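The structure under discussion appears below in the form of structure tokens.
The values are calculated or read from the model by the stated rules, or taken from the named source; none is laboratory data. Source: prediction; values computed, not measured. Heads up, the Cβs are rebuilt from the backbone with ideal geometry, glycines too, and the neighbour counts pull from every protein chain shown.
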Amino acid sequence: MTPDEIVELTKKHNFFSWSAQGAVNPIPMAKAKGVYFWDAHGKRYFDLNSQLMCVNIGHGDQRVIEAIKAQAEELVYAGPGMASKVRAEIGRELADVTPGDLKKFFFTLGGAEANESAIKMARAYTGRHKIIARYRSYHGATAAAITLTGDHRRWANEPGISGVVRVFDPYKYRSPLYNEGDSDEAFARKCLDQIEEVIMYEGPHTIAAMFIETVTGTNGIIIPPDGYMQDLREICDKHGILLICDEVMAGLGRTGAWFAVDHWQVVPDLITMAKGLTSAYMPLGAVAISKKISDYFEDKVFYGGLTYSAHPMSLAAAVANLRVMKEDDIVGNSQRMGKVMAGLMDDLKAEHPSVGDTRNIGLFGCVELVKNRKTKEPMGPYVGASPEMAKLGAYLKDNGVYAFTWRNLLHTNPPLSVNESELREVFEVINKALEITDAAVK
């Protein structure tokens, strides 16, 4: 097929997510390797978003591909009630990197299903109904996960499930609780005092779990200030509330640690993961379960299941992916290259008046664009598009950079295998592109 035929036939028979169907204009992706992919015309793109923040080890790693092939030859499918060699292996590999006593895993086909399952576990274990979530969050598109989601994507799906209560995020750049010069500890305390007030009004005895993205993903890479995660753990313990950390994006090396909670030495009761678990070579999600919760279900039925839970093909990809991450020190590279990226982002802020803030932890980053640094007026609205952000995205695409831009945010989430020269290469294009948003500064 020609590139145009690929696009035409794809649009004719496929219904795309998060899109008005008539506005869809997909890239006819043909091949990928490392931090790059190519379209059917032969044009190369730097994958600055790791597709959907998921191709952590980079594209086309032959070790994972061969593991998938070998599993297909050995055993393609086993039902969720079966044991298999690869199911034994994945537990051992994953338990080696999960924090604390989270050493038992329920496997799903993605992050949303992992979050759905975590809600069921929390409610069954505590006998309580309410879940506290945050406004600037995304937890998935299925019924319960989209209700947990705090951003505008939940609006069209409301009312959703019952019992979800929302609190605000530790968003230093825009929080009215933050005063210039405040220490991280002081800001964290203000945020947590606000959460405790909500807990009091809702009734601690009615709340099953606090459900958060450890580091907020698509809503702006909001990194909790020092003290926030540790004290949140204490608050949850005080009230018998479970702490559930959604690390679908932040986990598996993205932040420069195996899991983002590791930065603060906090052990949640449940961790949900997906994306980087296989680096998207096959679909897979999981809930990592603490001992007290897994012990609870020893003599009680967990009312949840999936036909493709612990699918051998997906587990084979996960085992190989985790081994690649260890062999290549992918987590260490994320940490090292995260420092390089932080410097490059500082340079952007120094040069471009449209850069209001830059944030990153490891290779999980974003540039927040504003029309006025003093007022912090966003370059794009909370819902909808702006001409400036549209032009920025178009420029990057035209110049061979595949990036995630929305609202007033430019995300910088390359594969964790990226090297310094590749990072500097893509930031040269970004540096030039930001002249577009600089022109809109008031």
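Per-residue answers, yes or no, for (1) in a loop (DSSP other than H, G, I, E, B); (2) touching a Leu at 6+ places or on another chain (Cβ under 9 Å); (3) assigned by TED's automatic domain parsing to the domain that holds Val383; (4) modelled with pLDDT of 95 or more:
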{"position": "Pro170", "(1), (2), (3), (4)": "yes, yes, no, yes"}
{"position": "Leu177", "(1), (2), (3), (4)": "yes, no, no, yes"}
{"position": "Met210", "(1), (2), (3), (4)": "no, yes, no, yes"}
{"position": "Val215", "(1), (2), (3), (4)": "yes, no, no, yes"}
{"position": "Thr218", "(1), (2), (3), (4)": "yes, yes, no, yes"}
field: Selection from region 295-323 of residues that are hydrophobic (A, V, I, L, M, F, W, C) and either in the same structural domain as Glu422 (by TED's automatic domain parsing) or buried (at least 20 other Cβ atoms within 10 Å of the Cβ) (or both)
entry: Ala310, Met313, Leu315, Ala316, Ala317, Ala318, Val319, Ala320, Leu322
- line: Arg92: passes all of (1) in contact with a strand residue (DSSP E or B) (Cβ under 8 Å, 6 or more places away or on another chain); (2) closer than 29 Å to Glu298 by Cα but (1)
- prompt: Hey, Trp18 hits all of (1) exposed (fewer than 12 other Cβ atoms within 10 Å of the Cβ); (2) at pLDDT 95 or above but one; which does it fall short on?
  reply: (2)
task: Could you look through region 359-410, keep only residues that are in a strand (DSSP E or B) and of a type in the set (Val, Ile, Thr), and pick out the one that is farthest from Val441 (Cα to Cα)?
output: Ile361
query: In region 367-403, what residues are within 21 Å of Asp347 (Cβ to Cβ) and either aromatic (Phe, Trp, Tyr) or not assigned by TED's automatic domain parsing to the domain that holds Val35 (or both)?
result: Tyr395
task: Pull up region 36-68, narrow it to residues that are more than 18 Å from the chain's Cα centre (by Cα) and of a type in the set (A, V, I, L, M, F, W, C), then point me to the one that is nearest to Asp398 (Cα to Cα).
output: Phe46
task: Output the number of residues of region 147-164 satisfying the condition of being without any contact (Cβ under 8 Å) to a residue 24 or more places away in the chain, surrounded by 19 or more Cβ atoms within 10 Å (Cβ to Cβ) and in a helix (DSSP H, G or I).
output: 2
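Conditions (1) touching a residue at least 60 places away in the same chain (Cβ under 8 Å); (2) under 24 Å from Leu192 (Cα atoms); (3) out of contact with any Ser or Thr (no Cβ under 8 Å at 6 or more places or on another chain), marked per residue:
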{"site": "Lys238", "(1), (2), (3)": "no, yes, yes"}
{"site": "Val267", "(1), (2), (3)": "yes, yes, no"}
{"site": "Leu270", "(1), (2), (3)": "yes, yes, no"}
{"site": "Gly276", "(1), (2), (3)": "yes, no, yes"}
- line: Within region 365-387, residues of a type in the set (D, E, K, R) and either modelled with pLDDT under 95 or out of contact with any strand residue (DSSP E or B) (no Cβ under 8 Å at 6 or more places or on another chain) (or both) come out as Lys374
Candidates Glu73, Glu93, Glu8 - the one that is in a helix (DSSP H, G or I) and surrounded by fewer than 12 Cβ atoms within 10 Å (Cβ to Cβ): Glu73
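Conditions (1) free of Cβ contacts under 8 Å to residues at least 60 places away in the same chain; (2) among the β-branched types (Val, Ile, Thr); (3) more than 25 Å from Met325 (Cα to Cα); (4) assigned to a loop (DSSP other than H, G, I, E, B), marked per residue:
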position	(1), (2), (3), (4)
Pro225	yes, no, yes, yes
Met229	yes, no, yes, no
Ile235	yes, yes, yes, no
Leu243	yes, no, yes, no
Met249	no, no, no, yes
Ala280	no, no, no, yes
